[in-house]
Every structure is written in structure tokens, then in C-alpha cells.
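Contents: one structure, followed by commentary.
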Amino acid sequence: MRKLFFIAGFCSLMAAPAYAQTVSAWETKADRSELFALQPETVDFDYKRNERSAYIVVDPAQSYQTMEGFGFALTGGSAEHLIKMTPSARHEILQEMFNPKDGVGFSYIRLTLGSSDLNSFTFSYDDIEEGKEDFKLKHFSLSQDLKDVVPVMQEILGINPDIPVMSSPWSAPVWMKESGNIRGGKLRKDCYQVYAEYFVKYVQAMEKEGIHIDAVTIQNEPLNSRNTPSMPWDPADQIEFVKNNLGPEFEKAGLDTDIIVFDHNCDRPDYALAIYNDPDAARYVTGSAYHHYRGDLSAMKYVYEARPDKKIYFTEQMTTERPGMDRIDIAAPVKRLIIGVTRNWSSNVILWNLAADPLNDPHTDNGGCSMCQGAITIDGDKVTRNLAYYVIAHASKLVPPGSKRIFSTAPGERSISICEDEQHPQMWRTNVIEKADVPDNVTFLTPQGKIVMIVSNDSWSRREVNIQYNGKFARVRLAPGSVATYVWDAE
């Protein structure tokens, strides 16, 4: 059984020439015989068309959102494992994950603003003695992040200085909350202003460490108080906070950090729209962020259609597999989280989370995620690459930031073909297929002039992938349960 692991021969594989109108393929097969492997065979476009086949028509003239990146959350737990590795082992795996030329090029990072449920313990940047308050933020400190998150992030930026960074809080400092508890409990109204100043201090402190925060979400999962940490927000309160406190404070401080609202499941498209409906709040807001533990991905499209002036972001989804499996169930998550998410207008895809140990530790005990496997599993200096790693690699390596999603025929859409009349040779007829039987796919045009198509075959049968581009045709085959990223020159 031929098993070509992506990293092992990467430099030699990338040296393979790419000719105009020749399709190259990177493939992951369900039986693990290929794991994001560049295939030795290529297919050329020609003028021969199979009259009985439905084609995926690719049209760069119809373009949609600009992609900002594909990546993972660098949680405190992820950084804790990475910082404990030997420097050489850590450098090697970070180069593999984040180098856009010689690695898989993960291209977006989400940080936790304070602790999340994937930390060994909970903390904020302004923890003080119980019963005390600190409205002047005299005790503000990045001290905990300076032990792991900051140095790991600095090393990543040394590999790719252009990688965008988004930060999300799980809770305000306990002394700012009505409950006095890190789990649940709303932000006190009299703490709205100091909490906005807390955000500003965080962005400025990270900037001093050489880490530019491109965007913040106001609250991770504002409708979930069961995590430790967590803090509920309803839309009316976020409106008040954004327009009266956070927006003006960012403006006053001269920050170019984007403000993102919601950051929760696809079952509540109304949440962001309610905030956008307040013009004083909306003017400070760049867009809204979504997870997919509930609801349908189409909710993102509904929000975009209602407010196309606001961006859509996808900021979290846990994607796991059981260790030691003979098969890799990659078709379904690629179909949902790469194809489905981007077809519903998201400018990025961030999965949860980058790294954990073989026991999926660390996590908080009361409301922490005990099943949150990382994209990689770290055991000392030993690294295992998991399902989520390959899901993101199929996009991040070949769809760099700045790429545009472009039109390609989706399953069930109309397809039109030209076929020869059975009775009259050389006479051509139009054949209309109202619901094309094509595999799930999404297509991008990169700044480098490449067409990149990601295809998922979640069936039990081998699928033919028939592609039409600029009046030429190509046919490739995709094994059952497999995914492929196809690349060819736009001109």
C-alpha cells in the first residue's frame, strides 16, 4: 500500500512543474494510503466532452468574498504543550504548520483573551483579591500569557509575519461580573467602560510584544453560560457596550483592530442583525462570527444577504477522530467546514483547537471540554497529526489569503451541455440538467493566478469529477470517502 505523507517529501514534490491548463491534485484517501499527498499523475484540459456527464462549470468572472485565512485557535493549553517541547522540535512542527511555502501554511490564528475552557486553570489579565475592585486597571498584566502564548505566537510570526490574529474573551475579570464567578454571570453595567478599557490595554500590550491583534470578538459564545469560563450577553447589551464604550475607546486609542459581534452558533442569525439595526453600534462593527454546533450554515448567508456591507467569519468548530483509526473520515468535515462554510460567505475558517496531549488535556474541570482533540497531539516531542490538521491543510496550503471565491456549479444546480443529435451527425442540441449530479465543491482564484477547487466525495462510490473551464474540459476521479484539492493555471 503506497502511503505518501505530505511533509516527508515536500520540497521535491513542490519542484514538480505546473503547466498551463494542466490539473494537479492533492489528495487524502479514506483508507489513509494518501494524506494530503501531491499525486504524480496530472490531467490536461482538452476539448473533448462527455455528453452524459454533468460538469462543474468554473467561472472566475463571478467572484464573491475575499478569503482571509484558514487555521486554528492557539489556546493556552495548546501553547502550554508547545512551549514544553524542546526548541528544535517546536521549531520543526511550527515550520510545518505555519510556513506558507514549505509547510501546510495555516493562515489564521484565534487567541483567547484571558483563559478559555482549554486552560489548566482560569485567569484574566486583572485578577485581584476577592472583594476588591480595580477600575484604574493598575493590576493589568499579560503575565500568564507571557509564559507560553506570547512566545509561541512570536515564533509563529517569525515564520509568517502576515498571519492575521483574532482574539476572543471567555469572561471578563471576576470582579467586573454580577455573579462574582468566572462561570456565567453578566458583566456589571457600571463596568462597561472599564471593560472597554481592558480590551484596549490588551491590544496595546500585545502590540508591545510584537503581536498585532487584527480583530476581537466581544464574547465567545454569549448564549452559553455552561463553560468555565463563560459570560452571557444579549444583543441589546452588546449594542450598548459597542456604541457607548468599546467602539469609542478603540477610536480614541487609534486602534485599527476590527470589532466582531456574536461569535456563537448558526441557530441565531437574528443576533448580529439586531446589532446592525442600531446605526450607532453598527458603524463600529466589521462583521459577525459563527460556530456550528447548532443551526444550519445557511444562517451565515442569510445574515450576509441582509447586510452585505458586513463580513462573515467562522471562528470555531471541534473536529475530532479516535486515535489509531485505520480510516480517516475526512469527506464529511471538508464538505461542511471548508466547502459549506465558504459557500455561505465566510471570509475565514478557524477550527478548535491547535494542540492537546493524548488525554485531550488541559481543560477546566467544571464546564471544560474533555473531548477537544487538537489538530495535532503532542506527547513530549512526539507529534501526531489528526483529522482537523488535514481538513484545514486542504485549503490553507493552496488558497492563500487574498484569494477570491469564484463560481463553480454546486450539487443540485442547473447544468447545460451540448450534445450531438442522434439522428443527424454534426448537428448539436442543448441538454439541460435541472439538478446536476456533481460532487460537493468550492473554487477559488488565488492572487498568484491559480484556480483551486476543493472537492469532497462523501459517497461509498468512486466519483468522476468533470470540470469545465473556459470552454475546455477535464475529468479526474476521486476515491470513496476521499477529498482532493485540484489546481491549475487561470490562463
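The values are calculated or read from the model by the stated rules, or taken from the named source; none is laboratory data. Quantities reported herein were computed from a predicted structural model and do not represent experimental measurements. Heads up, the Cβs are rebuilt from the backbone with ideal geometry, glycines too, and the neighbour counts pull from every protein chain shown. In case anyone asks, the SASA skips ligands and DNA or RNA and just uses the protein heavy atoms, side chains included. Shrake-Rupley method; radii C 1.70, N 1.55, O 1.52, S 1.80 Å.
Working only within the range 377-402, note down all residues that are assigned to a strand (DSSP E or B) and under 30 Å from G184 (Cβ atoms).
Filtering the range 377-402 for residues assigned to a strand (DSSP E or B) gives 377-379, 382-385.
The answer is none; no residue qualifies.
Listed here are the residues, each with its yes/no results for (1) surrounded by fewer than 19 Cβ atoms within 10 Å (Cβ to Cβ); (2) of a type in the set (K, R); (3) touching a Pro at 6+ places or on another chain (Cβ under 6 Å); (4) modelled with pLDDT of 95 or more.
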{"position": "Q204", "(1), (2), (3), (4)": "yes, no, no, yes"}
{"position": "I211", "(1), (2), (3), (4)": "no, no, no, yes"}
{"position": "N244", "(1), (2), (3), (4)": "yes, no, no, yes"}
{"position": "I260", "(1), (2), (3), (4)": "no, no, no, yes"}
{"position": "S288", "(1), (2), (3), (4)": "no, no, no, yes"}
{"position": "R294", "(1), (2), (3), (4)": "yes, yes, no, yes"}
{"position": "K311", "(1), (2), (3), (4)": "no, yes, no, yes"}
Q: Return yes or no: is Q62 open to solvent by 40 Å² or more (accessible area, probe 1.4 Å), at pLDDT 95 or above and out of contact with any Cys (no Cβ under 9 Å at 6 or more places or on another chain)?
A: yes
Q: Could you tell me whether the range 268-283 includes any residue that is in a helix (DSSP H, G or I), open to solvent by less than 10 Å² (accessible area, probe 1.4 Å) and out of contact with any strand residue (DSSP E or B) (no Cβ under 9 Å at 6 or more places or on another chain)?
A: yes
Q: Search the range 158-197 for residues being within 19 Å of the chain's Cα centre (by Cα) and open to solvent by 50 Å² or more (accessible area, probe 1.4 Å), and hand back the single one that is nearest to D237 (Cα to Cα).
A: D162
Q) Could you list, in sequence order, the residues of the range 226-235 that are open to solvent by 10 Å² or more (accessible area, probe 1.4 Å), closer than 18 Å to N119 by Cα and at pLDDT 95 or above? A) T228
(Q) Of all residues being of a type in the set (S, T, N, Q) and over 18 Å from R322 (Cα atoms) in the range 356-368, which is least open to solvent (accessible area, probe 1.4 Å)? Just the residue, please. (A) T364
Q: Count, please, the residues in the range 131-157 that happen to be without any contact (Cβ under 8 Å) to a residue 40 or more places away in the chain and within 19 Å of the chain's Cα centre (by Cα).
A: 0
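Can we say F98 is more than 25 Å from T22 (Cβ to Cβ) and buried (at least 16 other Cβ atoms within 10 Å of the Cβ)?
Working: more than 25 Å from T22 (Cβ to Cβ): yes; buried (at least 16 other Cβ atoms within 10 Å of the Cβ): yes.
The answer is yes for F98.
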Q: Exactly one condition in (1) closer than 19 Å to P169 by Cβ; (2) touching a His at 6+ places or on another chain (Cβ under 8 Å) is not met by V334; state its number.
A: (1)
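The rows are residues; the columns are (1) open to solvent by 10 Å² or more (accessible area, probe 1.4 Å); (2) within 21 Å of T112 (Cβ to Cβ); (3) among the aliphatic types (A, V, I, L, M).
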site	(1), (2), (3)
A331	no, no, yes
I339	no, no, yes
S370	yes, yes, no
V383	yes, no, yes
Y389	no, yes, no
A395	no, no, yes
R414	yes, no, no
Q. Do any strands (runs of 3 or more DSSP E) lying entirely in the range 55-138 carry at least 1 residues that are closer than 28 Å to D365 by Cβ, and which ones are they?
A. 69-74, 108-112
Q: Look through G374, G340, G368, G324 and report the one residue that is within 16 Å of the chain's Cα centre (by Cα) and in a loop (DSSP other than H, G, I, E, B).
A: G374
Q.
Given the criterion in a strand (DSSP E or B), without any contact (Cβ under 8 Å) to a residue 40 or more places away in the chain and either aromatic (F, W, Y) or in contact with a helix residue (DSSP H, G or I) (Cβ under 6 Å, 6 or more places away or on another chain) (or both), identify the matching residue among Y293, Y313, Y302.
A. Y293
Q: Scan D329, D309 and give me the residue that is farther than 22 Å from S370 by Cα and of a type in the set (D, E).
A: D309
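Have a look at S116, S53, S78 and point out the one that is closer than 30 Å to D437 by Cα and among the polar types (S, T, N, Q). Walk me through it before giving the result.
Details: S116 fails: closer than 30 Å to D437 by Cα; S78 fails: closer than 30 Å to D437 by Cα.
After ruling out the rest, the residue left standing is S53.
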Q. In the range 397-412, which residues are open to solvent by 10 Å² or more (accessible area, probe 1.4 Å) and touching a residue at least 60 places away in the same chain (Cβ under 8 Å)?
A. K397, L398, P400, P401, G402, K404, R405, F407, A410
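Just give me the residues in the range 429-461 being charged (D, E, K, R) and at pLDDT below 95, in sequence order.
Restricting attention to the range 429-461, the residues satisfying the condition of being charged (D, E, K, R) are 429, 434-435, 437, 440, 450, 458.
Those that are charged (D, E, K, R) and at pLDDT below 95: R429, E434, K435, D437.
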